[in-house]
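The values are calculated or read from the model by the stated rules, or taken from the named source; none is laboratory data. Note that the structure is predicted; figures quoted are calculated from it, not measured. Don't worry about glycine lacking a Cβ; one is built from the backbone with ideal geometry, like all the others, and counts go over all protein chains shown.
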């Protein structure tokens with residue numbers, strides 16, 4: 001029942017025709033993952049901005065993750081700038097992971113370790 | 001190419017204007033103003049008439065979640081079957097329903113009318129003599145709405161945004177649109193139209209709040225609807241920001257396969 005509610009919420013939130021670019025069916029919208037990492041790249045591009053970060057697992061292996069955001073056009077309304085993230089920044093990210101298990105996801109928010117600034121993806 | 005432009009429904013009228021141009025000793029003194037179908041070819045232009053139009057300046061942000069809930073459409077035939085299929089999927093809680101509604105060849109493919117009005121980005125309006133132009137920030141889409149008195153074409157080629165003509169009723173812009181593609185999305189969750197649909201929009205400021213724009217839609221479709229269907233969109237004004245560039249192909253990492261599944265590529269790469 002809980003799963004159904006979450007799925008329905010995702011459908012209602014992302015419904016046609018409010019969708020601009022693609023559906024979010026590839027993400028596990030019921031699951032939120034929080035991880036710490038180091039930014040390796042920040043792409044201030046359309047139709048989506050992207051951040052890449054290295055996350056070191058418990059086994060010591062470093063994995064590069066790609067997290068999708070909305071567009072710069074929407075991010076600027078939430079206080080983002082193209083300079084908000086830069087390689088080397090230590091961050092804590094929360095995201096919906098891909099269902100296929102690949103190292104990608106849809107960003108929910110990022111917290112910068114130095115400034116404690118929180119930027120939301122909405 | 002200019003040649004492509006000439007292949008419009010008004011070709012005979014344009015041909016006449018061109019003939020006049022070719023026979024005229026001076027291009028700047030041609031007498032094409034008699035051609036009411038191509039007012040841009042007229043000798044004079046009345047910018048002063050724009051002073052009587054309402055103040056729609058600024059960018060308009062969709063008030064998602066605030067729009068009145070539309071009535072249940074009275075669909076027919078394959079359009080009802082499609083709607084029923086989607087409703088069944090939604091009621092089952094199947095997260096794949098969204099994929100089955102949103103079938104596009106590319107994630108950068110625009111939605112067409114009326115989806116161009118309701119993407120989660122702002123729109124703006126430009127008034128020029130004989131025309132209202134709407135620009136949607138997402139994908140930088142343009143709607144050309146002709147207020148120059150031209151008729152609707154009798155047999156338009158179906159397109160994403162169709163052909164729109166309009167007139168002003170006081171401070172309300174009344175837009176009629178035809179020439180839309182069969183299967184285009186009329187409303188949420190499987191409400192689609194045929195290529196015979198006629199859409200009417202009444203666009204005006206909210207009398208109680210001039211920073212809210214109201215778009216009242218009515219759809220008539222002899223193939224898809226047994227009764228007109230209505231919806232309303234609301235927008236809030238932002239006077240202090242401009243539209244931004246949006247090039248969808250800049251970094252599109254979301255290919256769609258032939259089954260409608262959306263992927264996310266270039267993960268885990270530095």
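Tell me, yes or no, whether region B:153-161 has at least one residue that is surrounded by 19 or more Cβ atoms within 10 Å (Cβ to Cβ), modelled with pLDDT of 95 or more and either over 19 Å from the mean Cα position of the chain (by Cα) or in the same structural domain as residue B:72 (by TED's automatic domain parsing) (or both). Checked against the condition, which is being surrounded by 19 or more Cβ atoms within 10 Å (Cβ to Cβ), modelled with pLDDT of 95 or more and either over 19 Å from the mean Cα position of the chain (by Cα) or in the same structural domain as residue B:72 (by TED's automatic domain parsing) (or both), region B:153-161 yields at least one hit.
Conditions (1) more than 14 Å from every other protein chain (Cβ to nearest Cβ); (2) assigned to a loop (DSSP other than H, G, I, E, B), marked per residue:
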| position | (1), (2) |
| --- | --- |
| B:154 | yes, yes |
| B:161 | no, yes |
| B:194 | yes, yes |
| B:201 | yes, no |
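Between B:218, B:237, the distinction of being more than 9 Å from chain A (Cβ to nearest Cβ) and free of Cβ contacts under 8 Å to residues at least 40 places away in the same chain belongs to B:218 only. Scanning region B:163-181 for residues that are in contact (Cβ under 8 Å) with a residue 60 or more places away in the chain and in a loop (DSSP other than H, G, I, E, B) turns up B:171, B:181.
Of all residues in region A:35-78, exactly one satisfies the criterion of being more than 10 Å from every other protein chain (Cβ to nearest Cβ), closer than 16 Å to residue A:106 by Cα and in a helix (DSSP H, G or I), namely A:75.
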